[in-house]
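The structure under discussion appears below in the form of structure tokens.
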Amino acid sequence: MNKKYVFILVLLALCAVGALLGVAKKDELKCYAKDAQSCLNVGMKYFENSHDPVAQKYFKKSCDLKSAYACYNLGVMFDNGFGVAKMEPEAIRYYTKACDSGYAPACVNLSYIYYDSLVYSNTTQAIELAKKACDLGEGSGCYNLGFYYLNANGYRKDIPEAIASYEKACDLNYSPACGLIGNMFAKGEYLQQNNKKAIAFHQKACSLGNEKSCALFKKQ
């Protein structure tokens, strides 16, 4: 390649890097001026860099400035030990802040903790949080709600509510729910056996990217 063109390409690359650094610097300055979105942006840059623990600092600033997504990200960090020590109490704290602000995925993750935790297990709370996520239009929340209605220990099994929750999750295009209802119709489990409906639900799940349903649908 001509040295002139190599030089131009290198120059363009340096300019691009400089531009990115300039944007990052602007976000940091705006963050210190208490702009929640800018703090979140900086935090995301650090988090995407192998879960750099510095992300916590900026997520916390953004969370304190009422960014529900930043609070959620803090919850994810403490829930999974991403760049920080894994601590359920801190995960619960930040998921709760995000969920209280109406961020549905935080309600879903908080529900998981209350359902699975050895220390903080609370089935009633798990169900309430899944219902809140579902009401906020989060398909995975509806799906979990259906699961809890069928499987939660110490809680009355409610098949009609479980089916309704799974159907709502499917209506919200959550593919595992569509596939599950398809299986129920195919096997006659909780629902009257109906191959036509089974195929329809697996077809929808497949269209949403559910590989298992695609494989089953192709066998029909």
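The values are calculated or read from the model by the stated rules, or taken from the named source; none is laboratory data. Remember, it's a predicted structure, so these values are computed and weren't measured experimentally. Every residue, glycine among them, receives a Cβ derived from its backbone with ideal geometry; neighbour counts consider all protein chains shown. What goes into the accessible areas is simple: the full protein's heavy atoms, side chains included, and nothing from ligands, DNA or RNA. Shrake-Rupley method; radii C 1.70, N 1.55, O 1.52, S 1.80 Å.
Assuming a viscosity of 1.002 mPa s and a temperature of 20 °C, what translational diffusion coefficient in µm² per second does Stokes-Einstein assign to segment 87-163, Rh being the Kirkwood radius over Cα pairs?
D, rounded to a whole number, is 176 µm²/s.
Counting just the Cα atoms, what span does segment 40-89 cover along each of its three principal axes? Round to the nearest Å and put the largest first.
Projected onto its principal axes, the Cα set of segment 40-89 covers 24, 24, 13 Å.
Taking the Cα of Lys66, stepping 7 Å toward and past its beta carbon, and measuring to each backbone N in segment 80-102: which are under 12 Å?
101
Using alpha carbon centroids, what distance separates segment 36-109 and segment 139-178, in Å?
27
Can you name the helices of the chain, as whole DSSP H runs, whose Cα span along the helix axis is 27 Å or more and whose Kyte-Doolittle mean is not below -0.5?
Span-like helices in the chain: 3-32.
Starting from 0 in steps of 5 Å, tell me what percent of the Cα-Cα pairs of the chain lands in each bin.
1, 7, 11, 13, 12, 12, 11, 9, 8, 6, 4, 3, 1, 1, 0
Using a 1.4 angstrom probe and counting only protein chains, how large is the accessible area of Tyr115 in Å², to 10?
Approximately 60 Å² of Tyr115 is accessible to the 1.4 Å probe.
List the trypsin sites (Lys or Arg not before Pro) in segment 141-220 that DSSP assigns to loop (not H, G, I, E or B) and whose Cβ has at most 13 other Cβ atoms within 10 Å. Which are they? Could you put the intermediate results ahead of the total?
Values: sites: Arg156, Lys157, Lys168, Lys187, Lys196, Lys197, Lys204, Lys212, Lys218, Lys219; in loops: Arg156, Lys157.
Sites meeting the loop and neighbour criteria: Arg156, Lys157.
For the pair Asp116 and Asp171, how long in nm is the line joining their label points, each one 7 Å along Cα→Cβ?
In this crude spin-label approximation the distance works out to 2.8 nm.
Filter the trypsin sites (Lys or Arg not before Pro) in segment 48-140 down to the DSSP loop ones having no more than 13 other Cβ atoms within 10 Å, then list what survives. Present the calculation step by step, with values, prior to reporting the outcome.
On the way: sites: Lys57, Lys60, Lys61, Lys66, Lys86, Arg93, Lys97, Lys131, Lys132; in loops: Lys66, Lys86.
Hits after loop and neighbour filter: Lys66, Lys86.
Mind giving me the FRET efficiency for Asp100 and Lys25? R0 is 22 Å, r the Cβ-Cβ distance, nearest 0.05 is fine.
Details: r = 33 Å, r/R0 = 1.50.
Efficiency, from the Cβ-Cβ distance: 0.10.
Does anything in segment 56-84 have its amide N under 17 Å from the 7 Å Cα→Cβ label point of Tyr32, and if so which residues?
The answer is 57-59, 61-62.
Separation between the His51 and Lys157 pseudo-spin-labels, each 7 Å from Cα along Cα→Cβ, expressed in nm?
Going by the 7 Å Cα→Cβ label model, 3.7 nm.
If you stretched the chain out fully between Thr123 and Leu136, how much longer would it get, using 0.36 nm times the residue separation minus the C-alpha to C-alpha distance?
Numbers: separation 13, 0.36 × 13 = 4.68 nm, distance 1.99 nm.
Net length gain for the segment: 2.7 nm.
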